[in-house]
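What follows draws every value from the coordinates through simple rules; no lab data is involved. These numbers come from a predicted model, not from an experiment. For neighbour counting, all protein chains shown are included, and Cβ atoms are generated from backbone atoms with ideal geometry for every residue, glycine included.
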Amino acid sequence: MKLFIRWAVMALSVWVSTLVIPGIKVHGGAWSYFWVALVFGLINTFIGSLLKVLTLPAVILSLGLFIWVINAAMLELTARWSTALDITSFWSALFAALIISVVSSMLNRTVKKVGGADKY
C-alpha cells in the first residue's frame with residue numbers, strides 16, 4: 001500500500017510541476033501522469049542512485065545542491081524515454097525537479113501525519 005501512495009504522490013507532484021513550469025508538458029490524462037511518475041521513479045532509483053554515489057564529492061562540495069541537478073537530468077532522461085513527457089529546456093527540468101521534490105516531500109509528510117507513523 002505504501003508503494004501505491006508514494007506513486008500517487010509522485011504523480012501529483014508531476015502534475016503540480018506541469019501547472020507551474022511552462023516548459024513541462026504531459027500528454028494524456030491522469031494515467032499519463034502515473035506513467036511518467038513510474039518511469040521517473042524507476043530511472044531515479046537505479047540510474048539516479050548510481051549517479052549520486054559517483055558524484056558524492058560534488059554533492060558534498062555543493063552542500064547537496066548538486067542532487068537537484070542530478071534529479072533534473074533524471075527528469076530529462078524520463079522525457080527522452082517516455083512519449084508522454086515533453087521538456088523544452090534543461091532550466092525547465094531543473095525547476096520542475098525542485099517543485100517535484102518540494103511537493104512530494106510535503107505530501108509524504110502530510111500522508112505520514114494523517115495515516116500515522118506506524119502505518120506509513
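Numbers at a glance
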quantity: Amide H partners (placed H, <5 Å) of residue 85, local residues excluded; calculated: 27
quantity: Residue-by-residue Karplus 3J(HN,Hα) for the stretch 37-49, coefficients 6.51, -1.76, 1.60, Hz, glycine and proline x; calculated: 5, 5, 5, 4, x, 5, 5, 5, 5, 8, 6, x, 5
quantity: Extension gain from residue 113 to residue 53, taking 0.36 nm per residue of separation minus the Cα-Cα distance; calculated: 18.5 nm
quantity: Under 13 Å, Cβ to Cβ, from residue 24 - net charge with Lys/Arg +1 and Asp/Glu -1; calculated: -1
quantity: Computed E for residue 86/residue 7 - FRET, C-beta separation, R0 25 angstrom, nearest 0.05; calculated: 0.70
quantity: Value of relative contact order over the stretch 25-120, rounded to a whole percent, pairs C-alpha under 8 Å and six or more apart; calculated: 30
quantity: Helix-only mean residue ellipticity at 222 nm for the chain, each DSSP H run of n ≥ 4 adding -39500 (n - 2.57), per residue, nearest 500; calculated: -23500 deg cm²/dmol
quantity: In order through the stretch 94-104: 3J(HN,Hα) via Karplus (6.51 cos²θ - 1.76 cosθ + 1.60), integer Hz, x for Gly, Pro; calculated: 5, 6, 5, 4, 5, 5, 4, 5, 5, 5, 5
quantity: Vicinal HN-Hα couplings computed from phi for the stretch 67-84 (Karplus, 6.51 cos²θ - 1.76 cosθ + 1.60; Hz; Gly/Pro x); calculated: 4, 4, 5, 5, 5, 5, 5, 5, 5, 4, 5, 4, 5, 6, 8, 10, 7, 7
quantity: Fraction in percent of alpha-carbon pairs per bin - 10 Å, the chain; calculated: 14, 44, 33, 9, 0
